[in-house]
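The values are calculated or read from the model by the stated rules, or taken from the named source; none is laboratory data. Keep in mind the model is a prediction, meaning the values are calculated, not measured. Cβ placement follows ideal geometry from the backbone for every residue including glycine, while neighbour counts extend to all protein chains displayed.
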Amino acid sequence: MDEIQKRLLREVADLHEVPEGAYNIRANGESVGRASTANIEILTRPEGSGLEIRVKPGTKHESVHIPVVLTQSGLKEVVYNDFYIGEDADVVIIAGCGIDNCGNQDAQHDGIHRFFLERGAHIKYVEKHYGSGDGKGKRILNPGTEVYMKENSTAEMEMVQIKGVDDTSRTTVAKLDAGAKLVVRERLMTHGEQRALSTYVVELNGDGCSADVVSRSVARDHSYQKFDAKLLGNAPCSGHTECDSIILDEGRILAVPGLEANNVDAALVHEAAIGKIAGEQIIKLMTLGLTEQEAEEQIINGFLK
Amino acid sequence: MLELIHVSFDVQNEDGGKEIIRDVSLTIGDNQLVVITGPNGGGKSTLARLIAGIERPTAGTIRLNGEDITGLSITERAKKGISFAFQQPVRFKGIQVLDLLRLAAGQKLTVGDACHYLSAVGLCARDYVNREVNASLSGGEIKRIEIATMLARSSILSVFDEPEAGIDLWSFKNLIEVFENMRKTIENSSILIISHQERILKIADRIAVLKDGQLTMQGSPDEVLPTLVGTSSAVPECKVGAPA
């Protein structure tokens, strides 16, 4: 791998060297490194492009890294990764994609991740997106996430896209059985002419399952974001979605609440707040000696932390 | 030392101009604790905001240690050593207490230093240092954190706008101790407190009464307090905040 690819890896996966545990590193459409462990097996998917990741039942405290980097202008790829998480396994999955596009053609990575969680399985999934490069070609990421959750399984998902991605359309679909728990934390910042769409459809199908989907986002310059979160309460369950956003300059954000209760014991809540930075917040930090611009940066950094 | 020299401030609204501060001249000397009191709507908070630079006077001069700071911004005044504690402290999503204390100190502050400031305002540091300065904090908690940031600033002039507003009785007793300690330890610096509280008025070196935008009286607590007792300008502590 070259220096740009290594830098991208650091940005999206905090990787400075070969990670511990199972991993697959994909660079410009090819696997440049892979390792399985006794409990986690990474295979090439039999059909099409992508990986099949199998975690044995009862696996504890292990991690899987599957970062992707793209530095070739004009490369467009669709990758399917399937995760099979065995009963009562508890693992951390670090994904993420970095694109450096110095050319004039668009570079695009569409990663479709499907998670199949068996009973009692627990995953913590972290995904960072990052773009760099000064070419005219766009950096495009369209992640698709599907989560199928058996009884009492838990998925904690953290998705972060702070810089450099020109166009993104994220779709997350989840189906929860009894007692399953889904927690999503999304952090997003768009600038320039960027556009980001984030769509969730969460089906709460089993008794006592719950979902908590929270998006914090900042739209600056002329960028546009749409947060569309739909919860379907098909059983006695609880669901909460929240869109908390700061707009600056001429940034625009559309938050679309969608709650559908199909069971009398479904308790669903949606919260959305969009606005510019409160003047008092800027003034407060200025009284501590920060300039207006420094104050704004601190407020946004904190908000997206 | 802070000097206000013939300071006036007026605002324009639909009904024409309105004078909020009228020709106020006031000096806050080094090593002095001065309390400004007076009825609500008398211009006390506006005066504090004029000193911090949040508002600019329409006439007059403000000097800090002899330097004219009338035209300086909030940031520039903060860098010269003016601190300002808000009547209603501002909340921030995601910014932690430690972050805020570090910004206030303007240097790398260790967790130990941060804990020292929090302990000084009666907060168990371990429980608060990583808390977010958001809506989950009670009125009393955020007020004490605001005061801890003032301690971390260690300024030439510390301005407190109604520090007792919105806090519970227990916090109030603690607050008096904080000011008493600050009072003992101020060296080459000054404290200005906007307050109606009799107990805060009593620890002042000087009290100034602001009414309808004008200073109507200045002097030591012995001189001024007897004229205020029983009015809204000197409220006994049992009327503060929610019942314990």
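Results for (1) within 22 Å of A:Glu297 (Cα to Cα); (2) crowded, with 19+ Cβ neighbours inside 10 Å, shown as yes or no for each residue.
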position	(1), (2)
B:Glu76	yes, no
B:Lys93	yes, no
B:Leu101	yes, yes
B:Gly106	yes, no
B:Asp113	no, no
B:His116	no, no
B:Leu123	no, yes
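Scanning region B:88-134 for residues that are in a helix (DSSP H, G or I), of a type outside the set (Ser, Thr, Tyr) and away from chain A (no Cβ under 14 Å) turns up B:Val111, B:Gly112, B:Asp113, B:Ala114, B:Cys115, B:His116, B:Leu118, B:Ala120, B:Ala125, B:Arg126, B:Asp127. Within region A:109-125, can you find the residues that are of a type outside the set (Lys, Arg) and surrounded by fewer than 21 Cβ atoms within 10 Å (Cβ to Cβ)? Within region A:109-125, A:Asp110, A:Ile112, A:Phe116, A:Glu118, A:Gly120, A:His122 meet the criteria. Filtering A:Ile282, A:Ile246, A:Ile253 for residues that are surrounded by 14 or more Cβ atoms within 10 Å (Cβ to Cβ), within 14 Å of chain B (Cβ to nearest Cβ), within 20 Å of the chain's Cα centre (by Cα) and at pLDDT 95 or above leaves a single hit, A:Ile246.
Within region B:135-165, the set of residues being more than 14 Å from the chain's Cα centre (by Cα) and not in a helix (DSSP H, G or I) comprises B:Ala135, B:Ser136, B:Leu137, B:Ser138.
Checking each residue in region A:255-297 for being in a loop (DSSP other than H, G, I, E, B) and of a type in the set (D, E, K, R) picks out A:Asp265, A:Lys276. Among the residues of region B:69-87 satisfying the criterion of being more than 7 Å from chain A (Cβ to nearest Cβ) and part of a loop (DSSP other than H, G, I, E, B), which is nearest to the chain's Cα centre (by Cα)? Looking at residues that are more than 7 Å from chain A (Cβ to nearest Cβ) and part of a loop (DSSP other than H, G, I, E, B), I get B:Gln87. Apart from one condition, B:Gly60 fits all of (1) surrounded by fewer than 19 Cβ atoms within 10 Å (Cβ to Cβ); (2) in contact with a Ser or Thr (Cβ under 9 Å, 6 or more places away or on another chain); (3) within 14 Å of chain A (Cβ to nearest Cβ); the exception is (3).
Across region B:145-161, the number of residues qualifying as more than 11 Å from every other protein chain (Cβ to nearest Cβ) and among the aliphatic types (A, V, I, L, M) comes to 6.
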